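Taking it in order: structure first as structure tokens, then the write-up.
The values are calculated or read from the model by the stated rules, or taken from the named source; none is laboratory data. Everything numeric here is computed off the predicted structure, so don't read it as measured data. Ideal geometry is used to build each Cβ from the backbone, glycine not excepted, and the neighbour counts take in all protein chains shown.
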Amino acid sequence: MKRIVVLFHDRGTPASRYVVDDLADCWREDGHEVVYLYGTKTFVPADLLLIHVDLSVVPEDYFLFASRYPIALNAQVRDIRKSVISSILTDPHDTWRGPVIVKSDLNYGGGPERVLASSGLGENFHARRLVSRVLTRLSGRAEFNSWTKYRVFDSIDEVPRSIFRRRDVIVERFLPECENNLFYLRMYQMLGDRWTCTRIGSPKPVFKASTSVSSEAIEPHPEVKKCRKQFNLDYGKIDYVVNNGRPVILDVNKTTGASLAVSDARVRAMRRHLAEGLYSYFA
């Protein structure tokens, strides 16, 4: 039996639902002990720790805390802002003349940062300072704080110049994957040596799994597998599309959310398969 620690932010809410909760259920079914820690005040000896801090930029204290464990997953995933991971950022001087999309720079529209602030900003000085800076940039600017509010423009020239001066949003070339009048998104999830990859479709250009109309299991693109190594992602999810035969990374997530109930047998099987990827670190 192994002891596995999942490290959340000190103001993380136990009521929140993540994929890791389903994985933890699988580990417990296999006889392992899973401990959830909130913050870095309490050290619990364990065989492995997974950093699961739901912020776009993780404070350094969590990595220092994780270094005390013999195995620490996602110990090099510090910053997943789109301005850091995107390769298709654009600006008014770009020669690109196709459509563009305006998005929040922060994961999940900065929602986790706002929740953290409303709960008191937590125990950590560096975390408080980081979140305060983020919220200052977001103050009074709610038009892009959700994926439902992302906006596609026909060209760069149509984007208000004030958008390019903002630090809370990014502008990317809009390079969709289209087929049979549907837009497609590919979701590559991984843990250790296990992975799943699903392609979902929608008639709308901006969508999530919850609003998709089709779903199929696929092989991940080989270049996206290489990107996983580039991002040092032990556990998480990469969203991407394939445009003109080349993969385009849209989002990197290390704290993937989940629905409140996992009733679909296929989803349960996918979570079980993913959960067993943890054991590759004990081999």
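For the stretch 31-63, the candidate set comprises residues that are surrounded by fewer than 16 Cβ atoms within 10 Å (Cβ to Cβ), in contact (Cβ under 8 Å) with a residue 12 or more places away in the chain and more than 20 Å from the chain's Cα centre (by Cα); within that set, the residue that is farthest from Arg3 (Cα to Cα) is Lys41. Taking helices (runs of 4 or more DSSP H) that do not extend beyond the stretch 125-236, which have at least 1 residues that are at pLDDT 95 or above? Ranges flagged: 222-230.
Selection of the stretch 1-30 for residues being farther than 26 Å from Ala209 by Cα and surrounded by fewer than 18 Cβ atoms within 10 Å (Cβ to Cβ) yields Met1, Lys2, Arg3, Arg28, Glu29, Asp30.
Taken over the stretch 245-265, the criterion of being over 19 Å from Arg194 (Cβ atoms), part of a loop (DSSP other than H, G, I, E, B) and in contact (Cβ under 8 Å) with a residue 40 or more places away in the chain is satisfied by Ser259, Leu260. Taking the numbered list (1) at negative phi; (2) in the same structural domain as Ala258 (by TED's automatic domain parsing); (3) touching a helix residue (DSSP H, G or I) at 6+ places or on another chain (Cβ under 9 Å) in turn, Gly110 passes all entries but (1).
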